[in-house]
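The numbers here are math on the coordinates, done by the rules we state, and not lab data. Here the structure is a predicted model, which is why all the values come from computation and not from measurement. Cβ placement follows ideal geometry from the backbone for every residue including glycine, while neighbour counts extend to all protein chains displayed.
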Amino acid sequence: MKNQPKLKIAIGDTWHPKLLPYFAMALVAFMITTNVLNLKFINFYGFSLISSQFVYVCSLVLADIMAEVYGYRRVRRILYVGLALLAFYVVCLQITVYLPPAADYPNDQAFRLLFSQTPRIALASIVAYFFTEFTNSYIMSNLKVRLNGRHFMGRAVVSVAVAQALNVIIFFGVAFAGVMPLGLIASACFMSWLITIGCEVLILPFTRQLAWRVKAYEGVEHFDKKPHTA
């Protein structure tokens, strides 16, 4: 990129990020928001689409930027914390579902009907996130090492394509198999994968620009290990 600032090369956890805590909080917020929105399907031009789709795309973009700027090792630790907090959210929600309502609370039946579905969906989210986000960050970071930091856009597309394929198979299989018709699940899987890849490609210029701006602010070009030389 033109006018790109000269960055200090850093290998592994040898430097202290400035913005990483903010990215970590945003990623955890996306994870929990996605879990809530997973409870509803919407109509998208005649196709069934889970309502968390676009928030999930944002989480993948954020994970791409984090893996590019801060590396797989740091992102992995954040994902561990995020998954633990997601499990904490599910446990707290289920305790609330089964606690007796106040005498003058009129919506307990609706609350139970909606959120009693959460354990299976939350399990699907946790398992899918575990494989998806780790796969996405791992591929992104390792391709960066192999390609000596080049071809950000290609690396982002490849990592998201593979990770999203895992996501739709795991999430929809665990969450809705035996509950929803197979045709609806297959349609949602395909549309989810296609829309995710389409959105990823459309916003790649923005993603790349944001990644470079964060790098410039941090002043570091990070690699998890010594990159391959051309």
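Summary table
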item	result
Top of Gly183, Gly149, Gly46 by mean-square fluctuation, Gaussian network on the chain, Cα under 10 Å	Gly46
Translational diffusion of the stretch 17-96, µm² s⁻¹ [Kirkwood Rh, Cα pairs; Stokes-Einstein; 25 °C; 0.890 mPa s]	179
Reach of Lys225 by Cα under 24 Å, taken over lysines that are not fewer than 8 positions away in the same chain	Lys6, Lys8, Lys18, Lys144, Lys215
Highest-fluctuation residue, Leu37, Leu113, Leu19 considered, GNM on the chain with Cα pairs under 10 Å	Leu113
Cβ-derived FRET efficiency at R0 25 Å, His151 paired with Tyr217, nearest 0.05	0.65
Centroid-to-centroid separation of the stretch 206-225 and the stretch 138-182 [C-alpha atoms, Å]	21
Average silhouette area of the stretch 77-118, convex hull of alpha-carbon atoms, in square nanometres	3.2
